[in-house]
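Here's the structure we're looking at; comments come further down.
Derivation of every value follows stated rules applied to the coordinates shown; laboratory data play no part. It should be emphasised that the depicted structure is a prediction, and the values quoted were computed from it without experimental measurement. Using ideal geometry, Cβ is built from the backbone for each residue, glycine included, and neighbour counts are taken over all protein chains shown.
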Ligand code: NAP
């Protein structure tokens with residue numbers, strides 16, 4: 001339960017908030033991210049109690065999570081997460097603006113017509129301005145092209161990101177769900193323009209390691225960072241479904257229902273055994289695995305409670321994996337788990 005009385009007191013961030021862990025450099029840029037960053041895709045819309053959202057954000061920042069990731073369409077309804085975040089900025093985080101890394105994105109459907117989706121200059125610039133207004137900010141720290149647009153020249157999409165940087169509306173820029181090949185092209189265009197395209201946001205988790213087949217190598221070559229999204233396969237890589245497949249009872253996501261196959265659940269149970277031997281919960285091992293050497297710079301978690309947040313922060317106590325553990329995990333995870341929901345964007 002949110003400590004409502006506490007929430008209505010003016011917020012002062014914990015004095016020891018930067019003493020929990022180190023911040024990780026994004027490629028060869030000056031940007032440094034916490035190992036765990038917090039995404040506001042799912043639990044910060046108008047369908048969730050505002051006090052709960054506020055409690056989660058305060059708790060995150062108190063524990064050194066200074067990166068909050070948004071997009072124009074986060075909610076539901078689309079746009080409401082940025083509005084709610086704007087309220088929290090005004091109420092709690094305004095004094096801490098210079099410490100915070102706030103990102104937003106445009107690329108998926110936001111408003112009707114051809115200029116409310118994908119990657120045109122008109123859409124990206126208008127959407128960034130709308131996001132700033134909703135959040136009550138002068139600038140975002142990272143603005144992303146949310147997906148590759150096969151019908152707009154890449155020069156135009158990256159050129160729009162460059163314009164936002166030059167206008168002072170974005171400090172750094174990024175791309176999300178682009179293939180390795182498109183990433184290299186985008187980086188070349190950005191380099192020619194002198195734009196700080198420093199980060200890629202791909203889906204990545206134990207059951208969906210597609211980035212390991214080219215994208216991570218490209219990012220390393222291009223000196224860019226990777227921030228992994230959907231690290232827990234929307235709850236599949238947690239203890240939520242170890243003993244039940246009742247998504248509704250677990251308060252889980254409908255989109256997961258068709259992935260709760262016996263084959264996937266067997267994998268999840270076997271992964272849980274590996275996690276237990278490491279002294280971690282399954283969620284903790286799944287997050288730690290993404291932060292092992294050579295993998296992601298930061299991991300974007302979603303959380304519906306401070307309890308989940310605490311469990312996830314506990315992952316940082318053990319990021320080391322033996323060769324045996326890594327090969328056990330690879331062996332269990334092999335085969336298509338059917339959770340690569342964003343793949344279409346990356347291969348187009
Ligand atoms: P996820 O880690 O795969 O799923 C998060 C969900 O897992 C939570 O909402 C919660 O489900 C459950 N969970 C988290 N910690 C748990 C724990 N310790 N024990 C049990 N359950 C736990 O991540 P995601 O929400 O899909 O994505 C995270 C962020 O990535 C988003 O907020 C967004 O910022 C970003 N993202 C970006 C894109 C893109 O296209 N760039 C796409 C998707 C996501 P309940 O809410 O049901 O409790």
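Comparing 332, 142, 227, which has the greatest mean-square fluctuation in the GNM of the chain with Cα pairs linked when under 10 Å apart?
332
Under the 0.36 nm per residue contour assumption, what length would be gained going from the current alpha-carbon distance of residue 16 and residue 220 to full extension?
Contour length minus the Cα-Cα distance gives 70.2 nm.
Connecting C-alpha atoms closer than 10 Å in a GNM of the chain, tell me which of 317, 267, 134 has the biggest fluctuation.
317
If you build the convex hull over the alpha carbons only and average its shadow over all orientations, what do you get for segment 1-111? Give it in nm² to one decimal.
So the mean shadow area of the Cα hull is 7.8 nm².
Taking 7 Å along the Cα-to-C-beta vector as the label spot, tell me the residue 133-residue 98 distance in nanometres, rounded to one decimal.
Output for this residue pair reads 2.9 nm.
From Cα pairs below 8 angstrom and at least 6 apart in sequence, can you work out the relative contact order of segment 147-257, rounded to a whole percent?
Relative CO of segment 147-257 lands at 21 percent.
Mean separation of Cα pairs under 8 Å and 6+ residues apart, divided by the residue count of segment 18-346: what relative contact order is that in percent?
Values: 599 pairs, mean separation 58.4, N = 329.
Relative contact order here is 18 percent.
Using the alpha carbons of the chain, what is the convex hull volume per residue in cubic angstrom, as a whole number? Walk me through the numbers before you get to the answer.
Numbers: hull volume 45.6 nm³, N = 348.
Spelled out: Cα convex hull of the chain, divided by residues, is 131 Å³.
Grab the beta carbon distance between residue 167 and residue 293, set R0 = 51 Å, and tell me the FRET efficiency rounded to 0.05.
Numbers: r = 38 Å, r/R0 = 0.74.
Result of the calculation: an efficiency of 0.85.
Of the listed peptides 63-74, 149-160, what is their order by residue-averaged count of other C-beta atoms within 10 Å, with the highest listed first?
Answer by packing, highest mean first, reads 63-74, 149-160.
Sort 318-324, 198-204 by packing, meaning the average of other beta carbons within 10 Å per residue, with the highest value first.
The densest-packed peptide leads the list: 198-204, 318-324.
Just to be sure I understand: of the beta bridges DSSP finds with both ends in the chain, what percent are antiparallel, rounded to 5?
Details: 3 of 29 bridges.
Around 10 percent antiparallel, to the nearest 5.
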